There are 2 protein chains.
Amino acid sequence: MAPVTENKKGQSEPSQSGEPGRIHLSNPHLEKMEEDILYHFDLGTNTHDFPALFGDVKFVCVGGSAWRMKAFAQYIAGELKLGDPKDDIANICAGTDRYAMYKVGPVLAISHGMGIPSISIMLHELIKLLYHSRCSDVTVIRIGTSGGVGIDPGSVVITSQSVNPCFKPEFEQIVLGKTIIRSTELDGPLAQELAQCSQEIDEFTTVIGRTMCTLDFYEGQARLDGAICSYTKEEKTQYLKAAYEAGIRNIEMESSVFAAMCNLSGLRAAVVCVTLLNRLDGDQISSPHDVLVEYQQRPQKLVGYFIKKHMSLV
Amino acid sequence: MAPVTENKKGQSEPSQSGEPGRIHLSNPHLEKMEEDILYHFDLGTNTHDFPALFGDVKFVCVGGSAWRMKAFAQYIAGELKLGDPKDDIANICAGTDRYAMYKVGPVLAISHGMGIPSISIMLHELIKLLYHSRCSDVTVIRIGTSGGVGIDPGSVVITSQSVNPCFKPEFEQIVLGKTIIRSTELDGPLAQELAQCSQEIDEFTTVIGRTMCTLDFYEGQARLDGAICSYTKEEKTQYLKAAYEAGIRNIEMESSVFAAMCNLSGLRAAVVCVTLLNRLDGDQISSPHDVLVEYQQRPQKLVGYFIKKHMSLV
């Protein structure tokens, strides 16, 4: 059976509530539920006052690692003058180890683990959290790590479009055993605005490019150093060069479903990832620890500056 | 292009080293590498003595949650009389928050996060770890949580075969943009042996059945309580009833790639998951915390007993 293609739910369309800027919940069943337990956040609508806890959220920053998202929350506390960056900060999801969540003023920072399924669970529960909290005009930014394609390690890539391993801007969602194709476009003006922020900071190279999203880190990304590898070095190089020719500048594992779900929910979304290596030069991430730590701070710095600008703090 | 089907690499075939029971590494490139950095474990062959650290490993138990795998390691320490279960136990991967790893005698316990991509990264690095450590005759068991289909919450399911959302025993691996189909069969005698252990413990219901492995928790598992849902309750029920008719007894998110990669590497493998709810009755996991905690101990108890039996401790 041929896959069904869904229309993009743009922000200009009226949301379910009829109010512009509100979260669009593409699920009529939820209205009938007396309680909604966000199991993987260990939060529930009958046990937590969502509007009081999260109603003022305007920026949601997500990334794979719980440690990195905590560090980002602490950094943002300092930047927004809402706390000392050295102070400890409470994990809102302390009752579970699936995800970690931190809140600093209008900024929510959440970890999502690795891969499409892991970030997808988080996004379902995040979108419901924002809806139950009656949030409006929310921007969601993934700040992550990636492998670069034809660019220097440490470069930051702002994703124009997430593409699959066949270089198509599509995300395949399986629903009741049938495949649905969803759009993976990201917000163009937001990407431009973030690129402008990088120019103003002027500390590292940032490019706007396509991001390839894969289902695994080794074979799916043409690495030669996994436990299983059935192709030659030449075939690998050919594939990565074809990716470069197709406008791909980095490879990661979450952007496609992130773009698709934010599109369907009327959320302005961006993906900002630093590259830890240039995959045309190798596969192993072997830079010294302090170099990798500094690289990982770059998307945080860029997005921190963007948020400060929106809050008229720069 | 039609997907390519790979042959199963059975344990009876000679492994790369030529010695029976040794790990089969399906990657000729690794022999040429001077160093192998297992990035997501924060371990490397030039910085860690793998045979000394892991050479005696015979049982590897993996599960999604880092907290649960630590609790399992502590439980096993007590059961094997190798330590006090109340004692703290060191995380071998303390330098990263991607995975957590604990070792108790011949037992290695590792967390794998949620979803196929996340467990796949861990398995690539685990298989290389076992290979570099020159381990032999290793059994790998996933002890996890799942949604039940037509069976009471708290039942334990031992997977006969992992199937995709179309109920086929296949795992699709994308390599250089092309789809390869891999077998998701699991070790039949091992499943029977585990079922026998459950009979001997006689504390909870255990069945052998097919496990459906999905790419997400909400739409992919026909839930009505995600942020996005385009189907009716009747369509959901019809799909889950068809799954039951096809021999599926539970649904989770890691078994297919786990079976496929263990097959290719000559590892004896099993999947033992407790069901937290019966999906024919609902979608939300709303049982009290203490009930869920007790459920989650059941696969641990079963696999702990199995290990003790193999070490002639029962």
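The figures follow:
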item: Hits in the range A:97-116 - residues which are within 12 Å of chain B (Cβ to nearest Cβ), in contact (Cβ under 8 Å) with a residue 40 or more places away in the chain and in a loop (DSSP other than H, G, I, E, B); result: A:98, A:99, A:112, A:113, A:114, A:115
item: Cβ pairs under 6 Å, 6+ apart, first in the range A:160-189 and within 9 Å of chain B (Cβ to nearest Cβ), second modelled with pLDDT under 95 and outside any loop (DSSP other than H, G, I, E, B); result: A:180/A:4
item: Every residue from the range A:43-64 that is hydrophobic (A, V, I, L, M, F, W, C) and not in a strand (DSSP E or B); result: A:50, A:52, A:53, A:54, A:57
item: Residue ID - surrounded by the most Cβ atoms within 10 Å (Cβ to Cβ), chosen from residues in the range B:262-298 that are of a type in the set (Asp, Glu) and part of a loop (DSSP other than H, G, I, E, B); result: B:283
item: Boolean, residue A:141 is open to solvent by less than 30 Å² (accessible area, probe 1.4 Å) and farther than 30 Å from residue B:222 by Cβ; result: yes
item: Residue in the range B:84-96 that is within 9 Å of another protein chain (Cβ to nearest Cβ) and over 19 Å from residue A:226 (Cβ atoms) present; result: yes
item: The range A:123-138, subset more than 10 Å from chain B (Cβ to nearest Cβ) and among the hydroxyl-bearing types (Ser, Thr, Tyr), residue most open to solvent (accessible area, probe 1.4 Å); result: A:136
item: Of all residues in the range A:41-63 being open to solvent by 10 Å² or more (accessible area, probe 1.4 Å) and within 13 Å of another protein chain (Cβ to nearest Cβ), the one that is nearest to residue A:299 (Cα to Cα); result: A:42
item: Test: residue A:120 is among the polar types (S, T, N, Q) and either open to solvent by 10 Å² or more (accessible area, probe 1.4 Å) or within 14 Å of the chain's Cα centre (by Cα) (or both); result: yes
item: Qualifying positions in the range B:102-117 - of a type outside the set (D, E, K, R) and over 14 Å from the mean Cα position of the chain (by Cα); result: B:102, B:104, B:105, B:106, B:107
item: Residue in the range A:18-42 that is modelled with the highest pLDDT, counting only those that are among the small types (Gly, Ala, Ser) and in a loop (DSSP other than H, G, I, E, B); result: A:21
item: Selection from the range A:155-168 of residues that are closer than 23 Å to residue A:143 by Cα and either surrounded by fewer than 20 Cβ atoms within 10 Å (Cβ to Cβ) or among the hydrophobic types (A, V, I, L, M, F, W, C) (or both); result: A:156, A:157, A:158, A:163, A:164, A:167, A:168
item: Any chance residue B:100 is open to solvent by 10 Å² or more (accessible area, probe 1.4 Å) and either at positive phi or at pLDDT 95 or above (or both); result: no
item: Residue count for the range A:18-38, restricted to those that are in contact (Cβ under 8 Å) with a residue 60 or more places away in the chain and within 11 Å of chain B (Cβ to nearest Cβ); result: 7
item: Candidate set: the range B:216-261, residues that are surrounded by fewer than 19 Cβ atoms within 10 Å (Cβ to Cβ) and of a type in the set (Gly, Ala, Ser); chosen: the one farthest from the other protein chains (Cβ to nearest Cβ); result: B:247
item: In the range B:169-186, the residues that are surrounded by fewer than 22 Cβ atoms within 10 Å (Cβ to Cβ), assigned to a loop (DSSP other than H, G, I, E, B) and touching a strand residue (DSSP E or B) at 6+ places or on another chain (Cβ under 6 Å); result: B:169
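The values are calculated or read from the model by the stated rules, or taken from the named source; none is laboratory data. Owing to the predicted nature of the structure, the values given are computational and were not obtained by experimental measurement. Glycine also receives a Cβ, built like all others from the backbone with ideal geometry; neighbour counts cover every protein chain displayed. Surface areas here come from the heavy atoms of the whole protein model, side chains and all, with no ligands, DNA or RNA. Shrake-Rupley method; radii C 1.70, N 1.55, O 1.52, S 1.80 Å.
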